[in-house]
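*Asks:* The structure is given below, and queries will be raised subsequently.
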């Protein structure tokens, strides 16, 4: 991959599934790192890695003790991919390990199971270049959606989301979604110290409490292509709830909520 790509300006234009970014040569992108936690995802990687846009500078795959051909397939599809072995267990632990080795100015979190579309990455990057610190994907704003979430998980996510917005004076529309991007300097303000799927909630809350500029990006979630998810509704829902209560009790929420921007096709709307 080229170290940097050129661009002149970024803009949101209407598309049938998601906003795209028009890219014109002249200037330079910041370096972009994509972190992908993976455990036994050899089949799914064939539907993920080839779709990563050329604007990405490096791809870091954190292998969680895979017993299939995850590493070999990743290297075959993307010879310059950076692969690190996860020391612990869990998605939070994997992301923490991946963040530690990123060399990019922007970090993108991407799942390996095919549920997130890598072609949406430019939308997240555009929001950061436009001045935001943290671009979080949302399935529940206009232009987003999901073919994967069950009724029970949707209901649980909604309840937890309302709780967070009440306790932290926030305006989140989607609390438990892992497709996010942020400037690397944000890691100076947050510390990822959890190991499981609650990591997405933890990052959202700590970005909010740090009073960083947050933008929500409409994103579409697809069903896992192969294999079974490691997510367990009740176990991981309980871990998310504990994380919310711990973050609320340990540190007070900010006095002012960050402005959350929804990318709504074909125009943008700001929620204050």
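The values are calculated or read from the model by the stated rules, or taken from the named source; none is laboratory data. Just so we're clear, the structure is a prediction, and the values are computed from it rather than from any experiment. Using ideal geometry, Cβ is built from the backbone for each residue, glycine included, and neighbour counts are taken over all protein chains shown.
*Asks:* Return the residue satisfying two criteria in turn: it lies in the range 154-173 and is surrounded by fewer than 23 Cβ atoms within 10 Å (Cβ to Cβ) and outside any helix (DSSP H, G or I), and of such residues it is farthest from the chain's Cα centre (by Cα).
*Replies:* Looking at the filtered set, the residue picked out is 169.
*Asks:* Report whether or not residue 127 is farther than 19 Å from residue 49 by Cβ, in contact (Cβ under 8 Å) with a residue 12 or more places away in the chain and out of contact with any helix residue (DSSP H, G or I) (no Cβ under 8 Å at 6 or more places or on another chain). Steps first, please.
*Replies:* Values: farther than 19 Å from residue 49 by Cβ: yes; in contact (Cβ under 8 Å) with a residue 12 or more places away in the chain: yes; out of contact with any helix residue (DSSP H, G or I) (no Cβ under 8 Å at 6 or more places or on another chain): yes.
Judged against the criteria, residue 127 is a match.
*Asks:* For the range 123-153, what are the residues that are modelled with pLDDT of 85 or more, closer than 16 Å to residue 220 by Cβ and surrounded by fewer than 19 Cβ atoms within 10 Å (Cβ to Cβ)? Walk me through how you get there before you give the answer.
*Replies:* Filtering the range 123-153 for residues modelled with pLDDT of 85 or more gives 123-144.
Filter once more, so that each one left must be closer than 16 Å to residue 220 by Cβ: 123-124, 135-144.
Correct list: 142 only.
*Asks:* Kindly indicate whether any position in the range 246-257 is under 18 Å from the mean Cα position of the chain (by Cα), at pLDDT below 90 and buried (at least 18 other Cβ atoms within 10 Å of the Cβ).
*Replies:* Going through the range 246-257, the residues under 18 Å from the mean Cα position of the chain (by Cα) turn out to be none.
Looking for residues that are under 18 Å from the mean Cα position of the chain (by Cα), at pLDDT below 90 and buried (at least 18 other Cβ atoms within 10 Å of the Cβ), one finds none in the range 246-257, hence no.
*Asks:* Moving to a separate point now. With the requirement that a residue be farther than 27 Å from residue 114 by Cβ and in contact (Cβ under 8 Å) with a residue 60 or more places away in the chain, what does the range 165-182 give you? Before the answer, list the steps.
*Replies:* As a first pass, look at the range 165-182 and keep what is farther than 27 Å from residue 114 by Cβ: 165-171.
Passing the criteria: 167, 168, 169, 170, 171.
*Asks:* Could you tell me whether any residue of the range 101-111 is surrounded by fewer than 21 Cβ atoms within 10 Å (Cβ to Cβ), touching a strand residue (DSSP E or B) at 6+ places or on another chain (Cβ under 6 Å) and either more than 19 Å from residue 31 (Cβ to Cβ) or in contact (Cβ under 8 Å) with a residue 60 or more places away in the chain (or both)?
*Replies:* Looking for residues that are surrounded by fewer than 21 Cβ atoms within 10 Å (Cβ to Cβ), touching a strand residue (DSSP E or B) at 6+ places or on another chain (Cβ under 6 Å) and either more than 19 Å from residue 31 (Cβ to Cβ) or in contact (Cβ under 8 Å) with a residue 60 or more places away in the chain (or both), one finds at least one in the range 101-111, hence yes.
*Asks:* While we're here: Test residue 187 against the stated conditions and say whether it is under 22 Å from residue 106 (Cβ atoms), surrounded by fewer than 20 Cβ atoms within 10 Å (Cβ to Cβ) and touching a residue at least 40 places away in the same chain (Cβ under 8 Å).
*Replies:* yes
*Asks:* Next up: Select from the range 211-245 the residues that are modelled with pLDDT of 80 or more, surrounded by fewer than 19 Cβ atoms within 10 Å (Cβ to Cβ), touching a helix residue (DSSP H, G or I) at 6+ places or on another chain (Cβ under 8 Å) and under 26 Å from residue 45 (Cα atoms) and list them in ascending order.
*Replies:* Result: 224, 225.
*Asks:* When the residues of the range 188-207 are narrowed to those that are in a helix (DSSP H, G or I) and out of contact with any helix residue (DSSP H, G or I) (no Cβ under 6 Å at 6 or more places or on another chain), which ends up nearest to residue 69 (Cα to Cα)? Don't jump to the end; show me each part of the working.
*Replies:* First pass over the range 188-207, keeping only residues in a helix (DSSP H, G or I): 188, 199-207.
Cutting the leftovers down to out of contact with any helix residue (DSSP H, G or I) (no Cβ under 6 Å at 6 or more places or on another chain) gives us 188, 200, 203-204, 206-207.
Details: 188: 35, 200: 27, 203: 30, 204: 33, 206: 35, 207: 35 Å.
Among those residues, the one meeting the criterion is 200.
*Asks:* Now for a separate question. Can we say residue 29 is modelled with pLDDT under 95, within 17 Å of residue 179 (Cα to Cα) and surrounded by 18 or more Cβ atoms within 10 Å (Cβ to Cβ)? So that I can check it myself, show each step before the final result.
*Replies:* On the way: modelled with pLDDT under 95: yes; within 17 Å of residue 179 (Cα to Cα): no; surrounded by 18 or more Cβ atoms within 10 Å (Cβ to Cβ): yes.
For residue 29, the condition - modelled with pLDDT under 95, within 17 Å of residue 179 (Cα to Cα) and surrounded by 18 or more Cβ atoms within 10 Å (Cβ to Cβ) - is not met.
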